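Down below is the structure, laid out as structure tokens.
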Amino acid sequence: MEITEKTLICRDCQQPFAFTVGEQEFFLQKGLKNEPKRCPNCRLVMRVQRNGHDLEHTTEIPCATCGAPTRVPFRPKGYRPVYCICCFQAKKREEKPAVQ
């Protein structure tokens, strides 16, 4: 069965988000059967709140590659690029050395 990227709708913000091939492979690896109900930004917000922190500990910033707004659990200092989850995973796959 071939895995393809899916577009889902976030239950919190009602915005479409990509359920990438890499995320789907991760879900399969971990034995997770349900698709995510929240976009990566809303998942981060829920995680921060669940850990008892205030949303002031997060920062919304445009992705360095595609410009999409993304939320990160830290305050960027400006000397390193910040990526959305899709661009981050794509960059990670590019940097992965080929196994021979």
Among segment 50-64, those whose backbone N falls under 15 Å of a label point 7 Å along Cα→Cβ from Arg75 are 54-61
The alpha-carbon pair-distance distribution computed for the chain, with 5 angstrom bins and whole-percent values, is 2, 11, 18, 22, 22, 15, 7, 3, 1, 0
Taking every alpha carbon pair in segment 9-62 and sorting the distances into 5 angstrom bins from 0 up to the bin holding the longest one, the percent per bin comes out as 4, 17, 22, 23, 20, 12, 3
So, over other residues within a Cβ distance under 14 Å of Leu8, counting Lys, Arg +1 and Asp, Glu -1, the net charge is +1
Here FRET efficiency (C-beta to C-beta, Ala64 to Lys33, R₀ 41 Å, nearest 0.05) is 0.75
Once normalised by the length of the chain, the mean sequence separation of its alpha carbon contacts under 8 Å that are 6 or more apart gives a contact order in percent of 18
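Laboratory data are not the source of any read-out in this text; all were calculated from the coordinates shown. Only a predicted model underlies this, so the values are computations on that prediction, with no experimental measurement involved. As a convention, Cβ positions derive from the backbone with ideal geometry for all residues, glycine included, and neighbour counts pool all protein chains shown.
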